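To keep things clear, I will list the structure first and then write my remarks on it.
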């Protein structure tokens, strides 16, 4: 294949991936031949769109007028006081239309799909946040869409399923494998391979074959770019520590990427330790996995000794995935970002604490980031500024939290 | 890179050409429904009329496969199939058969996990002739295709209805053994292509390659086999065979008394399609 070599700038970590989609050894394009020409089409269309100021203008318009951006950077004063250490800010992606950061990426990709003249959208979803965001933009632009969702997730995220249906999406339950996010992604790819002519696959996280990891990250970078402006306005300087939860990793990359070259800024991504790493029931690909190839990219995966993919476990459906975006695998290996994990129980406690202290009900996914900060903030100086990406709102998780706490929705507590 | 070695695949397709017929390529998943039954089927396939055997390396996430082969992969894994056992099956087969080519088919991760170099050496030693790895397009040829050619194993490329004339040279550049034409846009064992469409696509490939072309996906009956045999050099059937394995299971999921016989008898009927 003829290749143009992109010059490597040793002074920045922000130019990856290379032209073949590699972040170090991670990333790439591991897909069946039937899909390969489509992937190349998406890559070309995205590259054209990036060079077109009209595209950027359209994205900015919908971000401002439809999503409600910029989202606030809120100083969590009571949480800060309670923890007695670093100063904690919350990037309020939960206040976006549809209630999570997922919509940023959906706006970008639906505008791309329109440019490509695609008449049908497919997507996978775990917690349903990406499914809702996809169904929303498809309603907005009047494009039919099919959302694949594991039957296990359909059960625990019923309100989101109903929301997607109200928005006009067809929700297809996936009953193979572990009935969760990875299987939904397999089914979406099977659909795509069968409907190559008119269908666009709107991947929800910064993973999959090139150019998806790069493209999804780019659309999510609005988060970090806003934080940069907002914190300078509020504090007159950049933050010291960035914290985000990580399943596939798009909200974390969106926050981190604009700061990658600010060497003094510490970045911490929080994986789901489920019932505990030692139990094997977790979704901590970086903490407990090893490199492998799945869903179009090389990345850290939870797998057995024979290279079979293991089922992930997390109380949070959005983190319940045995892999992670390839750029995170790279940032992990070069040591630029730290990857830690918190358990289901810790996340639930954080969920409750933030709700009581700040009147903000976080998504269970985002509660993982809060949980880590509960441990971290007291160890840091009062001058240290932490920004947490509050990636989504938690209304969808009330039934899960109630069940976990042995309580009943609608019962008298 | 022009390929400097010969495998049983080259020899088989040369013989088929001399006989003036297409080859029957039978797919089963290694270890489905259990190792012992799977070995019996494997060993019986040449006698039943299989000219080439595609042996599936089971994977937990077979993204290009339909429900029948997904279920077959899962049965094999649940019965404890591993890469070592799959390579062991090939070695066992070779004790009594030194002519029928075996092509391992599957996904990259189990190979990557095993270690590419060790895998290729062990596969060669076991008597593997070729590899079909669904998720390794030419863009990723450095991963396994080029190392495989170095040890004398054919890397068989898939071409699809979406593969344009402009893209074909890249796909065919390191192709050897045969070219696998995926006759439909879709997963295994689902829709069926029109013969006219297949014929047109094969002409496009033949214009750029002298390799034999086997056609697979959506071929399930002896008549389908006979139809495709009229235009292709090889005809692949997979889902129909593994469905017969599924049908031959007892209620507890264990291999039933007629399973091997039924699978081989279907293979025989299908193989008759290339000998009409």
Report, by residue number, each residue of region A:266-298 that is at pLDDT 95 or above, at positive phi and out of contact with any helix residue (DSSP H, G or I) (no Cβ under 8 Å at 6 or more places or on another chain).
-> A:276
Could you tell me which numbered condition residue A:209 fails, if it satisfies all but one of (1) part of a helix (DSSP H, G or I); (2) at pLDDT 95 or above?
-> (1)
More than 14 Å from chain A (Cβ to nearest Cβ) and within 27 Å of residue B:82 (Cα to Cα), is that true of residue B:128?
-> yes
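Matching residues to (1) farther than 23 Å from residue A:186 by Cα; (2) assigned to a strand (DSSP E or B); (3) modelled with pLDDT of 95 or more:
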site	(1), (2), (3)
A:45	yes, no, yes
A:49	yes, no, yes
A:79	yes, no, yes
A:88	yes, yes, yes
A:106	no, no, yes
A:110	no, no, yes
Long-range neighbours under 6 Å by Cβ, at least six apart or interchain, first residue outside the structural domain of residue A:310 (by TED's automatic domain parsing) within region A:156-177, second part of a loop (DSSP other than H, G, I, E, B) = A:157/A:127; A:157/A:128; A:160/A:128
For region A:168-214, what are the residues that are under 17 Å from residue A:283 (Cβ atoms), more than 10 Å from chain B (Cβ to nearest Cβ) and surrounded by fewer than 24 Cβ atoms within 10 Å (Cβ to Cβ)?
-> A:179
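Mind listing just one residue for me: the one in region A:259-290 that is outside any loop (DSSP other than H, G, I, E, B) and free of Cβ contacts under 8 Å to residues at least 60 places away in the same chain and, of those, surrounded by the most Cβ atoms within 10 Å (Cβ to Cβ)? Break it down stepwise before answering.
Here is the first cut: in region A:259-290, the residues outside any loop (DSSP other than H, G, I, E, B) are A:259, A:266-274, A:277-279, A:285-288, A:290.
Checking the rest, the ones that are also free of Cβ contacts under 8 Å to residues at least 60 places away in the same chain come to A:259, A:278-279, A:285-288, A:290.
Numbers: A:259: 22, A:278: 9, A:279: 11, A:285: 33, A:286: 25, A:287: 17, A:288: 17, A:290: 12.
Per the stated criteria, the residue is A:285.
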Quick one: count up the residues across region B:131-154 that are closer than 19 Å to residue B:25 by Cβ and within 13 Å of chain A (Cβ to nearest Cβ).
-> 3
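Could you tell me how many of the residues in region B:108-125 are more than 8 Å from chain A (Cβ to nearest Cβ) and on the phi < 0 side of the Ramachandran plot?
The number of residues fulfilling the criteria is 10.
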What about residue A:266, is it within 14 Å of another protein chain (Cβ to nearest Cβ) and in contact with a strand residue (DSSP E or B) (Cβ under 6 Å, 6 or more places away or on another chain)?
-> no
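The values are calculated or read from the model by the stated rules, or taken from the named source; none is laboratory data. Please read these numbers as outputs of a predicted model, since none were measured by experiment. Every residue, glycine as well, gets a Cβ built from its backbone with ideal geometry; the counts of neighbours run over all protein chains shown.
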